[in-house]
Amino acid sequence: MDLGLEGKVALVTGAGRGIGLAVARELGREGCRVAALDLSRGALGELVGSWSYGELLPLAADVADSSQVEGAVGNVLDRWSRVDILVNNAGIYLVKPLSEMREEEWDRVVAVNLKGVFNCCRSVLPAMKKARWGRIINASSFAAKIPALGACAYAASKAGVLAFSRVLAGEVGPYNITVNCYIPGTIATEMTAGARAEWGDSLLGTLALRRWGEPEDVARAVLFLASEAAGYITGASLEISGGKLVVQNPWAAYEDL
Ligand code: NAP
């Protein structure tokens, strides 16, 4: 299927590793010009060092800081005069019971995961509105639906992303801009390394497909949401979880194997 992504300009946040790295590569492979943003240039070393597609613009910025985001988006517009696709992927995870959580920890999780999405959307929207075309694709989480213990800040921020995305989809629909979310389950990245090591088989037992997701599993779903083929999908969320808790006891299906 031709995804119609050739020549599009895509901005991907948190592109240094994990899902963001895979998304940036997949968009590059499809012919996009890719602006890859992470906290530092150093964090983008793996992506830059292995890039074998078209144009790539590495950007250092903290998505929680509106002036840094404005500057980064300004660089993209200076270079290519447009932003067609925004993938708000940057995120941080924190597991800590509320009774132990410091105010600044709560603030930081919400600032990166939720306000970061606001900052990036606000910065790219004038260009997308002018072009009367845009795709905004935001990272939510399975935690927004069924959170893990200790994830109150993270789950709240990711549930906020779902609600934010629906409101924005309504606001920018008249400009032919779609806004959707992807909901990863348990993908094998640094973010989930601790949980996978600690919970291992019991966590795998919650998945109908009984394997960890790979960043590329998510990246391919993001490609679809960015494509012309997804032009009538907005305000939606797509779960990429290997069938996490699709039934109450997915592990039981494996007992006779
Ligand atoms: P990851 O491996 O931890 O990678 C996150 C990337 O975001 C890192 O490159 C990190 O940079 C960057 N980043 C963090 N804070 C940033 C900031 N303030 N500004 C710019 N970049 C920042 O995470 P992942 O597993 O790929 O997850 C990607 C997204 O999917 C996140 O939003 C996450 O919440 C969501 N998600 C993932 C899973 C999963 O199973 N992996 C499940 C549900 C949701 P540094 O390396 O410099 O810190």
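The values are calculated or read from the model by the stated rules, or taken from the named source; none is laboratory data. A quick note: this is a predicted structure, and the numbers were derived from the prediction, not measured. We place every Cβ from the backbone using ideal geometry, glycine too, and count neighbours over all the protein chains shown. Areas reflect the complete protein model, heavy atoms only, side chains present, ligands, DNA and RNA absent. Shrake-Rupley method; radii C 1.70, N 1.55, O 1.52, S 1.80 Å.
Heavy atoms only, 1.4 Å probe, whole protein assembly: order 52, 237, 165 by accessible area, highest first.
52, 237, 165
If you average 1/r across every pair of different Cα atoms in the range 1-81 and take the reciprocal, what Kirkwood value do you get, in Å?
About 12.6 Å, per the Kirkwood formula over Cα pairs.
Find how much the distance from residue 201 to residue 256 grows on full extension, using 0.36 nm per residue of separation minus their present alpha carbon separation; answer in nm with one decimal.
Taking residue 201 through residue 256 to full extension adds about 18.1 nm, to one decimal.
Just 246, 112, 34 to compare: in a GNM of the chain, with alpha carbon springs under 10 Å, which one fluctuates most?
Fluctuation is largest for 246.
By how many degrees, 0 to 90 and rounded to 10, does the Cα axis of helix 18-29 deviate from the longest principal axis of the chain?
Tilt relative to the chain: about 40 degrees.
How fast does the chain diffuse by Stokes-Einstein, in µm²/s, taking the Kirkwood radius from C-alpha pairs at 10 °C and 1.306 mPa s?
Answer, rounded: 86 µm²/s.
Which distance in Å, rounded to a whole number, links the C-alpha centroids of the range 178-194 and the range 117-146?
Cα centres, the range 178-194 to the range 117-146: 16 Å.
Please compute the net charge surrounding residue 101, taking Lys and Arg as +1 and Asp and Glu as -1 over other residues with Cβ under 13 Å from its Cβ.
Summing Lys and Arg as +1 and Asp and Glu as -1 gives -2.
Taking only DSSP H segments of four or more residues, each worth -39500 (n - 2.57), what value at 222 nm results for the chain once the sum is divided by all its residues, to the nearest 500 deg cm²/dmol?
After summing the helix terms and dividing by residue count, I get -12500 deg cm²/dmol.
Between residue 211 and residue 52, how many nm apart are label points set 7 Å from Cα along the C-beta direction?
Going by the 7 Å Cα→Cβ label model, 2.2 nm.
Report the accessible area of residue 254, computed with a 1.4 Å probe over the heavy atoms of all protein chains in place, in Å² rounded to the nearest 10.
Its heavy atoms expose roughly 60 Å² to the probe.
Looking at the chain as a GNM with Cα springs under 10 Å, which of 90, 127, 36 has the largest mean-square fluctuation?
127
Do you know the relative contact order of the chain, to the nearest whole percent, from alpha carbon pairs under 8 angstrom that are 6+ apart?
With pairs under 8 Å counted, the relative contact order is 19 percent.
Helix 152-172: angle to the longest alpha-carbon principal axis of the chain, degrees 0 to 90, nearest 10?
Around 40 degrees separate the two axes.
What ranking of 1, 101 comes out by heavy-atom accessible area, probe 1.4 Å, highest first?
1, 101
Can you list the residues, at least 5 places off or on another chain, whose amide H is less than 5 Å from the amide H of residue 239, using H built in the peptide plane?
Amide H neighbours of residue 239, under 5 Å, 5+ apart: 183.
What is the percent carbon and sulfur in the accessible area of the chain, measuring with a 1.4 Å probe over the protein chains and ignoring ligands?
Summing carbon and sulfur atoms, their accessible area is 54 percent of the total for the chain.
Under a straight-distance cross-link criterion of Cα-Cα below 16 Å, which aspartates and glutamates are reachable from residue 158, leaving out those fewer than 8 residues away in the same chain?
Partners found: 105, 107, 239.
Just to be sure I understand: with springs between alpha-carbon atoms less than 10 Å apart, which residue in 129, 158, 115 has the highest mean-square fluctuation in the Gaussian network model of the chain?
Result: 129 has the largest fluctuation of those listed.
Of the listed pairs 8/145; 8/129; 96/145; 115/145, which have alpha-carbon separations greater than 24 Å here?
8/145
Assuming R0 = 30 Å, what is the FRET efficiency of residue 104 and residue 248, from their Cβ-Cβ distance, to the nearest 0.05?
Once rounded, the FRET efficiency stands at 0.20.
Stokes-Einstein at 10 °C, 1.306 mPa s, Kirkwood radius from Cα pairs: D for the range 145-191 in µm² s⁻¹?
Answer from the Stokes-Einstein relation: 128 µm²/s.
To the nearest 10 degrees, how steeply does helix 116-131 sit against the main Cα axis of the chain, on a 0 to 90 scale?
Value to nearest ten degrees: 40.
At a temperature of 20 °C and a viscosity of 1.002 mPa s, determine how fast the range 142-257 diffuses translationally according to Stokes-Einstein, using the Kirkwood radius over alpha-carbon pairs as Rh; express D in µm²/s, rounded to the nearest whole number.
Here the translational diffusion coefficient equals 137 µm²/s.
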